[in-house]
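Accompanying notes for the structure given below.
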Amino acid sequence: MNKITVKDFREMKGSGHVISMLTAYDASMARLLDQAGVDSLLVGDSLGMVVLGYDSTVPVTMEEMLHHARAVSRGTEHALVIGDMPFGSYQVSVEQAIANGTRFLKEAGCDCVKLEGGKEVCAAVQGLVQAGVPVMGHIGLTPQTAGQLGGFKVQGKTMEAARQLLADAQALEEAGAFAIVLEAVPAPLTKILSQKVTVPVIGIGAGPDCDGQVLVIHDMLGLFEKFTPKFVKQYCNLALDIKQGVQSYLEEIENRSFPGKEHSFALEEDFSTLL
Ligand code: KIV
């Protein structure tokens with residue numbers, strides 16, 4: 001399978017194919033998802049919550065993101081790899097956004113970056129795109145600024161808020177974003193918004209009527225037990241499998257049924273004289 005490029009990704013809109021995206025944070029998971037045929041891997045700043053143990057995505061640093069993005073790139077052959085710009089890495093100035101955005105491509109092997117926000121980040125989006133860094137936008141529920149939005153709540157529920165979201169999506173497209181993640185938005189608004197922009201809209205908690213779907217891998221595999229958003233479907237329960245596997249290991253080492261002969265090395269000489 002060929003490597004998916006930003007151009008391929010953009011051209012998937014309207015092709016009839018639903019674009020698939022999952023988060024990944026390390027090489028072995030990236031390899032599995034890539035081999036399963038997922039179109040794009042987002043090294044999300046959700047890293048902070050599902051891997052690093054922070055309470056939100058706010059504390060995640062550029063160095064943490066780059067470390068994990070490098071691992072994902074090493075494990076990926078086919079999927080488009082998207083580096084998520086952490087809070088504080090693109091808000092100070094356009095120069096700062098370009099300096100940090102280029103690091104995802106140069107140092108971590110990502111194909112593009114994602115950043116959160118609408119009109120207020122368009123100067124940064126434009127600067128990045130002009131500097132050669134393809135950008136994916138992210139509007140609706142934006143976890144880095146969830147405090148300002150009143151918490152992790154559905155967005156775009158009033159006519160005014162819906163108009164604002166449509167304006168943000170169009171502004172991002174005009175600024176040069178090649179795709180937009182739309183999070184926690186009523187399904188009918190997603191349908192309208194997806195029709196109003198020419199770039200792919202990738203939904204998470206945004207219903208079925210968009211160009212693609214994304215989920216946090218730990219949520220869909222049932223690996224993150226702290227909380228599960230309403231929009232998540234758990235396709236398996238790996239937390240349970242892991243706990244059961246570890247309990248079996250504990251029992252077997254206690255009763256010495258593991259390691260068995262098949263897991264042990266035999267001697268070629270008699271070492272009993274060593275006693
Ligand atoms: O960081 C992340 O995982 C994300 C997804 C929720 C889209 O931004």
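Here are a few things to note about the model shown:
- The listed residue being assigned by TED's automatic domain parsing to the domain that holds residue 214, surrounded by 20 or more Cβ atoms within 10 Å (Cβ to Cβ), more than 16 Å from the ligand (Cβ to nearest atom) and modelled with pLDDT of 95 or more, out of 103, 74, 10, 31: 103
- Residue match in the range 167-179 (condition: closer than 21 Å to residue 5 by Cβ and aromatic (Phe, Trp, Tyr)): yes
- Scanning the range 174-203 for residues that are among the acidic types (Asp, Glu), within 21 Å of residue 143 (Cα to Cα) and surrounded by fewer than 19 Cβ atoms within 10 Å (Cβ to Cβ) turns up nothing.
- Filtered residue count, the range 36-58, keeping only those that are more than 9 Å from the ligand (Cβ to nearest atom), touching a residue at least 24 places away in the same chain (Cβ under 8 Å) and either outside the structural domain of residue 78 (by TED's automatic domain parsing) or surrounded by fewer than 24 Cβ atoms within 10 Å (Cβ to Cβ) (or both): 6
- Inter-residue pairs, beta-carbon under 8 Å, first not assigned by TED's automatic domain parsing to the domain that holds residue 185 and in the range 206-218, second more than 13 Å from the ligand (Cβ to nearest atom), 6+ apart: none
- Filtered residues of the range 87-100 (kept if surrounded by 24 or more Cβ atoms within 10 Å (Cβ to Cβ) and not small (Gly, Ala, Ser)): 90, 100
- Of note, residue 180 satisfies the criterion of being within 16 Å of the ligand (Cβ to nearest atom) and in the same structural domain as residue 131 (by TED's automatic domain parsing).
- Yes/no for residue 26 being among the acidic types (Asp, Glu), away from the ligand (no atom under 11 Å from the Cβ) and crowded, with 18+ Cβ neighbours inside 10 Å: no
- Among (1) closer than 13 Å to residue 18 by Cβ; (2) away from the ligand (no atom under 13 Å from the Cβ), the one test that residue 225 misses: (1)
- Among the residues listed as 171, 206, the single one being crowded, with 17+ Cβ neighbours inside 10 Å, at pLDDT 95 or above, assigned to a helix (DSSP H, G or I) and not aromatic (Phe, Trp, Tyr): 171
The values are calculated or read from the model by the stated rules, or taken from the named source; none is laboratory data. Because the structure is a prediction, the values reported are computed rather than measured. For neighbour counting, all protein chains shown are included, and Cβ atoms are generated from backbone atoms with ideal geometry for every residue, glycine included.
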